[in-house]
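Reading through the structure tokens given below for one structure.
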Amino acid sequence: MENLFRLVDQDQGFFQRKWTLVNGPLIVGAGPSGLATAACLREQGVPSVVLERAECIASLWQKRAYDRLKLHLPKQFCQLPKVPFPEDFPEYPTKKQFIEYLESYAKRFDINPKFNECVQSARYDETSGFWRVKTVRGSNKAEFEYICRWLVVATGENAESVVPDIDGLADFGGEVIHASEYKSGEKFKGQNVLVVGCGNSGMEVSLDLANHNASPSMVVRSSVHVLPREVLGKSTFELAVLMMKWLPLWLVDMILLILAWLVLGNIEKYGLKRPLMGPLELKNSKGKTPVLDIGALEKIKSGDIQVVPGIKRFSRGRVELVNGEKLDVDSVVLATGYRSNVPAWLQ
């Protein structure tokens, strides 16, 4: 039941504020995790309310993913509970197919998120035993409060783009975008594009740029593990999962690196230095995901993608690297990652 009452604010005068008591858990985020949680609760007869700050489900996929994106892992590792991917979907579904799957999933379980609801704060009231979750909703930013016994945070690790502070970038003059805004290399045809970052996004953006006849230079500032997406027709991830059932982590890492060397060769001579720690150990301890190569390495070997060291500073239409080299650059794509926004609002 929604209750409406009026408050006085010294600066803004009178404004209306609503609140509601949620029957069941409140789920923040309508991406894959939020949808899966709501579906499993519904299967157990537990009602829930899903909040989503965008106007659609899976907003990261719908709004901030480049056109060529596919799932990096085989579909059986990415399907949500109770519903496998359609059999006619390829091993690595496309962006469009994954969105279709998620929309069908929400419809099947009758999940209807409350869209355009941006959580401002969530605080647990120990006296009452309830969570108080404050949001702003819609274009008019009306304030609202949800009161619930259980709170599920399903906003993922990629809610906010990380934009580094690089000396001189404000004076660069050309187009500068984050990878979350990148859609296709078509508009960059014939340009010298600096891609800052060498994770999965940096590699894929560089590959897409090269395929659209741009000239990408990829900044590799630190060490990186690059693994083949498949070995002898088998998913590298699937092989790792199978081996980890029987072998210790350090041995699985060693086998993965031997397989990577056999398939990809020595990548260090192309400027891609491997970390001392193995790929799975690094993921577990530092959260750093290895790159699954889908063709970028061939472009690096052929010279279509240049690997360059860290950036010292930008100037008008140019970048100076830490080794003193200067490059003429038309555009910059910051493939510098994401972070969770949960610490900003969860109290």
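When the residues of the range 266-277 are narrowed to those that are touching a residue at least 24 places away in the same chain (Cβ under 8 Å) and within 25 Å of Leu209 (Cβ to Cβ), which ends up most open to solvent (accessible area, probe 1.4 Å)?
Across the range 266-277, the extreme among qualifying residues is Lys273.
In the set Gly190, Gly233, which member is open to solvent by 50 Å² or more (accessible area, probe 1.4 Å) and touching a residue at least 12 places away in the same chain (Cβ under 8 Å)?
Only one candidate passes the filter, namely Gly190.
Out of curiosity, is Trp261 open to solvent by 40 Å² or more (accessible area, probe 1.4 Å), free of Cβ contacts under 8 Å to residues at least 40 places away in the same chain, of a type outside the set (Asp, Glu) and more than 16 Å from Val224 (Cα to Cα)?
In short, no.
May I ask you to list the residues in the range 278-291 that are open to solvent by less than 20 Å² (accessible area, probe 1.4 Å) and either in contact with a Phe, Trp or Tyr (Cβ under 8 Å, 6 or more places away or on another chain) or β-branched (Val, Ile, Thr) (or both)?
Result: Gly278, Val291.
Could you run through the range 1-48 and say how many residues are modelled with pLDDT of 85 or more and either surrounded by 16 or more Cβ atoms within 10 Å (Cβ to Cβ) or outside any strand (DSSP E or B) (or both)?
28
Look at Arg108 and say whether it is of a type in the set (Lys, Arg), open to solvent by 30 Å² or more (accessible area, probe 1.4 Å) and modelled with pLDDT under 95.
no
Looking at Asp110, is it within 18 Å of Glu55 (Cα to Cα), in a loop (DSSP other than H, G, I, E, B), of a type in the set (D, E, K, R) and touching a residue at least 12 places away in the same chain (Cβ under 8 Å)?
Answer is yes for this residue.
Within the range 134-172, track down each residue that is out of contact with any Cys (no Cβ under 7 Å at 6 or more places or on another chain), in contact (Cβ under 8 Å) with a residue 40 or more places away in the chain and assigned to a strand (DSSP E or B).
Ala142, Glu143, Phe144, Glu145, Tyr146, Ile147, Cys148, Leu151, Val152, Val153, Glu160, Ser161
So if I check each of Tyr124, Tyr92, which one is in a strand (DSSP E or B) and farther than 18 Å from Glu52 by Cα?
Just one listed residue meets the conditions, Tyr124.
Yes or no: Val83 touching a Leu at 6+ places or on another chain (Cβ under 6 Å), of a type in the set (Val, Ile, Thr) and open to solvent by less than 40 Å² (accessible area, probe 1.4 Å)?
no
Kindly provide the set of residues from the range 49-72 that are open to solvent by 40 Å² or more (accessible area, probe 1.4 Å), assigned to a loop (DSSP other than H, G, I, E, B) and touching a Lys or Arg at 6+ places or on another chain (Cβ under 9 Å), ordered by number.
Passing the criteria: Asp67, Arg68, His72.
Only one residue in Val226, Val241, Val195 is in contact with an Asp or Glu (Cβ under 6 Å, 6 or more places away or on another chain), of a type in the set (Val, Ile, Thr) and in the same structural domain as Glu298 (by the TED database). Which one?
Just a single option satisfies the conditions, and that option is Val226.
Report yes if some residue within the range 214-222 is under 16 Å from Leu272 (Cβ atoms), in contact with a Pro (Cβ under 6 Å, 6 or more places away or on another chain) and either open to solvent by 10 Å² or more (accessible area, probe 1.4 Å) or not in a loop (DSSP other than H, G, I, E, B) (or both); otherwise report no.
no
Quick check, is Glu175 surrounded by fewer than 19 Cβ atoms within 10 Å (Cβ to Cβ), in contact with a helix residue (DSSP H, G or I) (Cβ under 9 Å, 6 or more places away or on another chain) and of a type outside the set (Phe, Trp, Tyr)?
Judged against the criteria, Glu175 is a match.
The values are calculated or read from the model by the stated rules, or taken from the named source; none is laboratory data. None of the values given here were measured: they were computed from a predicted structure. Backbone-built Cβ (ideal geometry, glycine too); neighbour counts: all protein chains shown. Note: accessible area is taken over every heavy atom of the protein model, side chains too, but ligands, DNA and RNA are not part of it. Shrake-Rupley method; radii C 1.70, N 1.55, O 1.52, S 1.80 Å.
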